[in-house]
Amino acid sequence: MQLGMIGLGKMGGNMKLRLEKAGHRVVGYDRNPDVADVGSLADLVAALEGPRAVWVMVPAGEPTRSTVAELAGLLSEGDIVVDGGNSRFTDDAVNAQALAQNGIGYIDAGVSGGVWGLTEGYALMVGGAEADVERLMPVFDALKPEGEHGFVHAGGVGAGHYAKMVHNGIEYAMMQAYAEGYELLEASEYVDNVPEIFKSWRSGTVIRSWLLDLMDRALDDDPDLSSIKGYVEDSGEGRWTVDEGIRLRVPLPAITESLFARFTSRQEDSPAMKAVAALRNQFGGHAVKSE
């Protein structure tokens, strides 16, 4: 089938290639004219035969909202818009309602796979009406990994991005656990070869995973990670996951702590730890280190 793809960066560009390899016709638009097939959203819509399907793969927040708003004025009744970015699930109902006024369908798609998706496939978590999802199954089938897993119709509008949010929260906690294990192994006087330990865990252990495979790859490239600064950003989805835990009174200690650990990574000299050192000095006379 044919599809419009808006946003041809690391994810969108590779998704376009994977779809084309599967035999689909994809018309791509990007602000970078060097990678775009057309010069505007209007040109993209004009290049597609109705009923159209347009996949939006731009940064979450205002870039996605403004793109969807522009598409609402360009597309026709019976067309479908897919938001495949990391949008907050609360944006989906707003986007869907704006499109529905013109008879345009809306699907929210949480996409996981990163730069490896082109060859390995993308895990897809989608939300939307059953008929809209069914119509785009040829696209989803081409993007997902081979086999029975890697795709879910999670529910109505918003369910796809909600599932992806929780997925990313779990990812935060898993990465933090591997990182803490790495630091402990590095600190131990008993251990001689930390990279080989991680490599050995890739088969037969209960903690094997794709993230473990990637950790092994990182240690192959840089065994003591000396070229990397310990500063970690967060995409926002970890925060949203914690917010939902608070709203629904669901305890999320591992995910919450992994988020806070990222905040700690951005402090060169933690004010909180300064306060702890000062308190220990006050009540116990413990030594403090000066600047």
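The values are calculated or read from the model by the stated rules, or taken from the named source; none is laboratory data. A quick note: this is a predicted structure, and the numbers were derived from the prediction, not measured. Neighbour counts run over all protein chains shown; Cβ positions are idealised from the backbone, glycine included. What goes into the accessible areas is simple: the full protein's heavy atoms, side chains included, and nothing from ligands, DNA or RNA. Shrake-Rupley method; radii C 1.70, N 1.55, O 1.52, S 1.80 Å.
Of the GluC sites (Glu not before Pro) in the stretch 212-256, the ones in a loop by DSSP (not H, G, I, E or B) with at most 10 other beta carbons within 10 Å are Glu233. Extension gain, Gln267-Asn193: 0.36 nm per intervening residue step, less the Cα-Cα distance, totals 23.7 nm.
With a Förster radius of 25 Å applied to the C-beta separation of Ser203 and Glu244, the computed FRET efficiency comes to 0.10. As a rough guide to protection, the peptides 210-221, 4-15 ranked by mean Cβ packing within 10 Å, highest first, stand as 4-15, 210-221.
As a fraction of the 1.4 Å probe accessible area of the stretch 2-156, surface on carbon and sulfur atoms comes out at 52 percent. Each Cα pair under 8 Å and six or more residues apart adds its separation to the average, and for the chain the resulting relative contact order is 12 percent. Based on Cα atoms of the stretch 2-156, Rg over Rh with Rh as the Kirkwood radius reads 0.92. Here the chain carries DSSP beta bridges of which approximately 20% are antiparallel, counting only pairs with both residues inside. The residues of the chain expose on average 55 square angstrom of accessible surface per residue, using a 1.4 Å probe on protein heavy atoms.
Among Arg65, Arg31, the sequence by solvent-accessible area, most first, with a 1.4 Å probe is Arg31, Arg65.
Using the rule -39500 (n - 2.57) for each DSSP H run of four or more residues, divided by the residues of the chain, the 222 nm mean residue ellipticity is -15500 deg cm²/dmol. Once Rg and the Kirkwood radius are both taken over the C-alpha atoms of the chain, their ratio Rg/Rh works out to 1.06. Checking the cross-link pairs Lys16/Lys144; Lys10/Lys164; Lys10/Lys199 against a 20 Å limit on the alpha carbon distance flags Lys10/Lys199 as lying beyond it.
Relative contact order for the stretch 2-156: what percent, with Cα pairs under 8 Å and sequence separation of 6 or more?
On the way: 297 pairs, mean separation 30.2, N = 155.
Computed value for the stretch 2-156: 20 percent relative contact order.
In this calculation the C-beta distance from Arg25 to Val232 is compared with R0 = 35 Å, giving a FRET efficiency of 0.30.
As a calculated quantity, the FRET efficiency between Glu77 and Lys10 at R0 = 25 Å, using C-beta atoms, amounts to about 0.15.
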